[in-house]
1. How many residues are outside any helix (DSSP H, G or I) and more than 18 Å from LEU113 (Cβ to Cβ) when one looks only at region 162-181?
2. Where the second residue is acidic (Asp, Glu) and the first is under 15 Å from VAL169 (Cβ atoms) and lies in region 67-90, which pairs have Cβ atoms under 8 Å and are six or more apart or on separate chains?
3. Of the residues in region 166-181, how many are in contact (Cβ under 8 Å) with a residue 60 or more places away in the chain and crowded, with 17+ Cβ neighbours inside 10 Å?
4. Using the structure shown, decide if ARG117 is basic (Lys, Arg), in the same structural domain as LYS168 (by TED's automatic domain parsing) and in contact with a Ser or Thr (Cβ under 7 Å, 6 or more places away or on another chain).
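The values are calculated or read from the model by the stated rules, or taken from the named source; none is laboratory data. These numbers were taken from a predicted model, which means no experiment stands behind them. Every residue, glycine among them, receives a Cβ derived from its backbone with ideal geometry; neighbour counts consider all protein chains shown.
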Amino acid sequence: MTCMRKVKCFALGVILLTALPALAERSVTDGAIQPDPLPASAPVARVSKPADPLVLPESMEFDGVLPVAELNLENLYAVLAKYNVKCPRIVAAQAILETGHFTSQLCMEGHNLFGLRHPSDGSYYTFDNWEQSVKAYRDDVQYKYNGGDYYAFLSRIGYAEDKGYTVKVRRIANQLTEPQQ
């Protein structure tokens, strides 16, 4: 199931969970939705027990983690701001370059936007969602940044093996515009 579909299912579940109890508590005299009248011969019984709570199908259950927004440039900028990532335009350009504009297998399956690797064995990190990748970038890369030229910082820490990496990132970053806050 896609992230967007999960968000829609979650939202529908929240709406149903909040709206159904309110509808059930309305009296039949307040102008609310009226049931069809029963035939005169039908016995009338009052229900004193509340309805069972709505149970969502397993595929829609809320596991305590809010659904993650669809990965696109606008949402990436929002998450970069959420985690106070410095130089967001440059970092967004890195994500675009590293993932082939969010289409690489590592991005789509491992949710790794920056090609982050385990220092011990060089294997790629995998994340439950792409927002975790942004947080990991901030925690594992940007903690070393003390201001100044961010491109020089990336070169100094040896962020990428490609000698032309910062030139490519700069070219992409120059084509991007940050959203208005």
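1. 5
2. From region 67-90, the pairs are PRO88/GLU178; ARG89/GLU178.
3. 3
4. yes
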